[in-house]
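Worksheet: one structure, shown below.
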Amino acid sequence: MTAGLLALLLAATDPCTAPVPAGGGDPREAQVYVKVGDAERARGNLGAAREAYRAALAREPGSVEARRGLEAACAPVIDPVQAGADALEAGDPETALRALSGGRGRGNDRAVDLLEGIAHYQLGRYASAVPLLESARSDPTVAESASFFLGLIALRRGDGDRASRLFDQAGRAIALEDAARQLARTAQQEGHVVLSVASELVYDTNVALRPDGAPLTAPGPDGSAGLSVMALVRPWGTPGPYLRLEGQLSKQFTLDQLDLLGGAAALGFRLLGPPGSLTGEYAYSYQAVDWRGYLADHRVFLGGSLLTGIALWGFAYAAHFESYRWSELEDLSGVRQVLELDAGLLPGAGVRITGGYAGTWDAARVENLSYLEHGPILELVWARGPWTLGGRGALAWRNYRAPDPAYDGTTRNDTRYFATTWVDLGLGAQWSVRGTVRLLRTDSNIPDLNATEWIFIGSLTWTGAVL
């Protein structure tokens with residue numbers, strides 16, 4: 001009984017649920033109270049507005065304006081800024097913009113600028129996002145977040161220097177520190193002209209792919225020192241067309257006949273949007289081994305990715321038109337096609353898990369050297385601050401298309417195992433060091449072709465935007 005009396009008491013004291021007492025008065029008086037209620041509601045004084053509308057209804061119970069005003073004053077109060085932030089969190093920037101349209105004039109306009117700028121960024125409307133984010137940078141409480149998204153836009157436009165400076169400012173916020181540091185490194189690769197120089201030391205336990213059990217006199221372990229240079233030119237940044245030039249030199253410590261000199265040039269176009277990217281490219285490369293022309297390769301490439309929630313979907317296809325220049329290797333010339341499909345998960349904390357399937361069709365000039373290879377791939381990457389750790393494993397079944405007269409007419413079938421692990425440490429925005437270990441193992445139905453190879457690589461790389 002006490003609970004029932006308490007409920008009645010609360011209802012009686014709530015101007016939104018309590019009955020309007022019967023009264024009387026001049027309807028013109030009721031109109032005055034309606035105007036008072038409208039004015040108080042516009043000022044945000046909802047308590048006074050409710051009482052004014054109740055007074056109007058007491059004098060004119062049939063007043064539609066007073067009834068509507070009381071309902072509006074009693075409706076749940078929705079903070080447009082919070083509603084906009086919630087919509088962005090839910091991945092709905094269009095709803096966020098509609099919610100934020102009534103959020104100004106309450107003393108938090110810079111926060112509204114930030115959220116609207118983020119919404120336009122997510123929609124790919126960079127021209128609309130920039131002035132809003134620049135306005136938000138004037139408020140110290142949201143300046144780091146605004147700098148972060150301005151950096152992302154500069155990165156997509158190919159302005160690596162500006163992106164790097166903005167990410168440096170964003171990195172002052174603890175919550176953005178790791179992401180800003182990673183993106184500052186990436187920004188150095190997103191200029192209009194980017195130069196990268198890498199040096200490496202390599203130790204290979206089986207550089208000549210000596211079969212298991214081969215005589216010790218056969219070539220075995222060896223090391224090498226290498227240098228590679230890459231220049232990337234993007235006149236209009238990303239997205240857009242690009243030109244890439246590469247050069248490579250590798251000097252063996254003992255097996256001079258395996259010294260390598262190579263170069264490549266590629267012309268491509270990259271499309272980029274908030275959900276993903278698509279890249280098409282033509283490339284030509286030429287390699288010389290032992291200072292003799294070894295391999296010429298015309299390559300056509302198409303690849304892309306699509307981000308949906310925490311899932312990243314990708315594909316890559318390449319067709320290599322290969323021409324071996326040594327007479328003893330001419331039969332290997334032909335068309336080699338490679339296709340990889342994969343799906344990745346981005347659960348957070350810098351982790352990416354990717355699984356996929358890859359296939360290769362090599363149509364060599366001679367049928368017994370042609371093969372079909374396919375198998376699964378699994379990769380795990382963790383990136384945090386300046387560190388990146390990764391591991392990749394693959395299994396491939398390679399089946400040749402015809403009997404090989406060199407092995408008594410046996411049709412060769414191989415099972416190939418690949419495993420790679422690496423550790424990368426960023427030394428500022430431009431320098432990085434990496435250690436890599438690779439394992440390649442071949443099990444063949446022709447025992448003389450079974451082989452195991454371990455490769456250990458240490459590299460130092462400088463990458464910077466020249467323009």
Every residue from region 240-255 that is touching a Ser or Thr at 6+ places or on another chain (Cβ under 8 Å) and surrounded by 17 or more Cβ atoms within 10 Å (Cβ to Cβ): Glu246, Gln248, Ser250, Gln252
If you go through region 52-72, how many residues are farther than 11 Å from Cys16 by Cβ, assigned to a helix (DSSP H, G or I) and among the charged types (D, E, K, R)? 4
Residue, farthest from Ala87 (Cα to Cα), within region 99-154, restricted to residues that are among the charged types (D, E, K, R) and over 27 Å from the mean Cα position of the chain (by Cα): Asp139
Between a residue in region 225-245 that is of a type in the set (D, E, K, R) and any residue that is part of a loop (DSSP other than H, G, I, E, B), which pairs come within a Cβ distance under 9 Å, given they are 6 or more apart or on different chains? Arg234/Gly158; Arg234/Glu190; Arg234/Gly191; Arg234/His192
If you go through region 325-332 one residue at a time, do you hit one that is touching a residue at least 24 places away in the same chain (Cβ under 8 Å) and in a strand (DSSP E or B)? no
Tell me the residue from Arg336, Arg292, Arg299, Arg352 that is basic (Lys, Arg) and farther than 30 Å from Asp404 by Cα, please. Arg352
Within 19 Å of Leu209 (Cα to Cα) and either surrounded by 14 or more Cβ atoms within 10 Å (Cβ to Cβ) or modelled with pLDDT of 95 or more (or both): does that describe Arg416? yes
Checking the structure you have, find out if any residue of region 343-353 is outside any strand (DSSP E or B) and closer than 28 Å to Val423 by Cβ. yes
Would you say Val423 is at pLDDT below 95, of a type in the set (Val, Ile, Thr) and surrounded by fewer than 16 Cβ atoms within 10 Å (Cβ to Cβ)? no
Which one is modelled with the highest pLDDT among residues in region 202-225 that are surrounded by 14 or more Cβ atoms within 10 Å (Cβ to Cβ) and of a type in the set (A, V, I, L, M)? Val202
Taking region 390-445 and keeping residues over 30 Å from Asp331 (Cα atoms), assigned to a loop (DSSP other than H, G, I, E, B) and either small (Gly, Ala, Ser) or without any contact (Cβ under 8 Å) to a residue 40 or more places away in the chain (or both) leaves Gly428, Ala429
Within region 443-462, which residues are among the hydroxyl-bearing types (Ser, Thr, Tyr) and either at positive phi or in contact with a Phe, Trp or Tyr (Cβ under 8 Å, 6 or more places away or on another chain) (or both)? Thr461
Kindly evaluate Asn450 against the criterion of being surrounded by fewer than 17 Cβ atoms within 10 Å (Cβ to Cβ), out of contact with any Pro (no Cβ under 9 Å at 6 or more places or on another chain) and under 25 Å from Leu369 (Cα atoms). no
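The values are calculated or read from the model by the stated rules, or taken from the named source; none is laboratory data. Predicted model, so just to flag it, every value in this text is computed and none were measured. Positions of Cβ are generated from backbone atoms using ideal geometry, with glycine treated the same way; all protein chains shown enter the neighbour counts.
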